[in-house]
Ligand code: HEC
């Protein structure tokens, strides 16, 4: 009789870590090794989907269990190349099933690559800031904090710091109730603990300036950093201070209610991870480049498996049994999987792809005599389905197959192209669309390069 999957999972790591002597395990437990162990009955059995929808059947065959979803959807699209994404470098780390599970109910965007790409609804309930002196106003929510390094200038009345001067920048929600714009004080960061107790968990004593900021006048503080203070100043932004306006757009995301989590059990559409793949959540666009970058976009069965897996997660946030089957039969998305096409709301020819081409290419590929005889302003869709002039064995766009689409080669400066990479910039001699634009073109081609959707 073969081992059940569960036995294998439990036994293998213990065998490896404890050596051959199973009874004297360092963990203080003993395992009776019994090759004929019976299948462990599961408390919950999941009946398979028996309908006829080919997307669901395909998903069910490819993704039997949560482990399959992790390995083939998450790991394949995101983590295999160490250092490329989400391995150890980027948050969230997704390279093992347990790391993946740790993203359930975890906050999103806590370590953003760029503050501009933070989604308002990932912003957390902020910590608060207050000076130790009563004449400098009360406590206010922290919007964001940043340490700008640089040669320390002698700031003075006539030469005050500005929004990008060297120093520690702390931007608050409210204007401090004081007339002063420069003073020596101890700035204190307050946190409210889950039991309601408030504590000061960080301080910084120096000369502070209150300067004007584009959002609200008088809410931008700059703390001076002398040489001997550099270490303390450097530490501040790394202390995990909760910033209510991490993306610095003047809006505090937590005002909209509780922040959305990376993965919301039972609610794929309310999970940031899924939002980043679709580029939108609840009808709002999610900033940042669309995931997965530089990897094959997810197809409909991939998406269905991910959706059904998340929908089936225990509502209390406890860890699911990753080796249990994904329940496609009762999954609400099995009713209409075609809806999960990543094209969704955002990436259509009409609303996105044609606009990217118009804006970046129309100047040369338009008008009476377009470059390379390719008009990307009028009749562009039909033109893109034709063979390339430079490489006639390839169509410019091969629906469903970006690797065999010459347009994709030109956009990526692939070694096989004739001429220059596109969009050609006559000033620099090169050019490249943004990662987000490239990701959307790739998704569009992979999903069939349809015109009307
Ligand atoms: C500054 C002018 C300029 C811009 C901007 C420009 N192109 Fe081009 N494009 C050219 C020229 C000139 C050629 C022919 C020479 C070459 O390929 O280097 C060309 C060739 C091409 C070809 C090859 C056509 C074929 O049939 O093989 C494609 C595809 C293409 N461009 C796509 C684009 C796309 C897509 C954009 C925008 C993202 C773009 N180009 C932006 C000038 C431009």
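The values are calculated or read from the model by the stated rules, or taken from the named source; none is laboratory data. If you're wondering where the values come from, they're calculated on a predicted model, not measured in any experiment. Neighbour counts are summed over all protein chains in view; Cβ atoms, including those assigned to glycine, are modelled from backbone coordinates with ideal geometry.
Looking at segment 394-403, can you tell me whether even one residue there is surrounded by fewer than 21 Cβ atoms within 10 Å (Cβ to Cβ), part of a loop (DSSP other than H, G, I, E, B) and touching a strand residue (DSSP E or B) at 6+ places or on another chain (Cβ under 6 Å)? Yes, the conditions are met somewhere in segment 394-403. The set of residues in segment 191-225 being surrounded by fewer than 16 Cβ atoms within 10 Å (Cβ to Cβ), at pLDDT 90 or above and in contact with a strand residue (DSSP E or B) (Cβ under 8 Å, 6 or more places away or on another chain) consists of 192, 193, 198, 199, 200, 201, 203, 205, 207. In segment 355-372, of all residues being at pLDDT below 90 and not in a loop (DSSP other than H, G, I, E, B), the one that is nearest to the ligand (Cβ to nearest atom) corresponds to 360.
Yes or no, residue by residue, for (1) over 31 Å from the mean Cα position of the chain (by Cα); (2) under 20 Å from residue 185 (Cβ atoms):
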site: 199; (1), (2): yes, yes
site: 202; (1), (2): no, yes
site: 206; (1), (2): yes, yes
site: 209; (1), (2): yes, yes
site: 221; (1), (2): no, yes
site: 226; (1), (2): yes, yes
site: 235; (1), (2): no, yes
site: 238; (1), (2): no, no
site: 241; (1), (2): no, yes
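Taken over segment 406-447, the criterion of being more than 9 Å from the ligand (Cβ to nearest atom), loosely packed, with under 14 Cβ neighbours inside 10 Å and either under 22 Å from residue 390 (Cβ atoms) or not assigned by TED's automatic domain parsing to the domain that holds residue 357 (or both) is satisfied by 413, 414, 415, 416, 428, 429, 430. Apart from one condition, residue 375 fits all of (1) touching a helix residue (DSSP H, G or I) at 6+ places or on another chain (Cβ under 8 Å); (2) part of a loop (DSSP other than H, G, I, E, B); (3) more than 10 Å from the ligand (Cβ to nearest atom); (4) touching a residue at least 12 places away in the same chain (Cβ under 8 Å); the exception is (4).
The sole residue among 53, 93 that is more than 30 Å from residue 124 (Cβ to Cβ), surrounded by 13 or more Cβ atoms within 10 Å (Cβ to Cβ) and modelled with pLDDT of 55 or more is 53. One residue stands out among those in segment 378-405 that are without any contact (Cβ under 8 Å) to a residue 12 or more places away in the chain and over 22 Å from residue 358 (Cα atoms): the one that is nearest to the ligand (Cβ to nearest atom), which is 392.
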